[in-house]
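*Asks:* I'd like to ask some things about the structure below.
Read-outs throughout are calculated quantities, based only on the coordinates presented, and are distinct from any laboratory measurement. Since this is a predicted model, take the numbers as computed values, not measurements. Because the Cβ atoms are built from the backbone with ideal geometry, glycine has one as well, and the counts that use them run over all protein chains shown.
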């Protein structure tokens, strides 16, 4: 089987999107079973969060991969590295939500936050938000020059 040639950032993003797609399906079944078993018909908060995170991370990482394909600073840093950092950061976040859902004890990990929860927020910011903003900036600078007409 021949693979299509994709820009490296999009190739990395698709790798992670497959994981999030599978995670969304599995956590969806988990959520459904938890809702059936609950007296109030509601799954535990972190089962719900894990399912929603998996649903959101897939399209998010794909968009990051598409935008990173227009990265204008390739000589400084390959864009696929930023997508990789974002992908693994979201894997760790999703793993944390799944862990909290399995234990079923926490309903808000940030209420009386522990040092690990605070560190997790910093890690998520450095591993997802900053690379995402860099990708957006790099794509915007590349796309700006090719805009037809004078939009502003």
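*Asks:* Check off (1) within 20 Å of the chain's Cα centre (by Cα); (2) part of a helix (DSSP H, G or I) for residue 36 and give me the number that stays unchecked.
*Replies:* Among (1) within 20 Å of the chain's Cα centre (by Cα); (2) part of a helix (DSSP H, G or I), the lone unmet condition for residue 36 is (1).
*Asks:* Would segment 46-61 turn up any residue that is touching a helix residue (DSSP H, G or I) at 6+ places or on another chain (Cβ under 9 Å) and in contact (Cβ under 8 Å) with a residue 60 or more places away in the chain?
*Replies:* yes
*Asks:* For segment 73-87, give me each residue that is in contact (Cβ under 8 Å) with a residue 40 or more places away in the chain and either crowded, with 21+ Cβ neighbours inside 10 Å or within 16 Å of the chain's Cα centre (by Cα) (or both).
*Replies:* Of everything in segment 73-87, those that are in contact (Cβ under 8 Å) with a residue 40 or more places away in the chain and either crowded, with 21+ Cβ neighbours inside 10 Å or within 16 Å of the chain's Cα centre (by Cα) (or both) turn out to be 79, 80, 82, 83, 84, 85, 86, 87.
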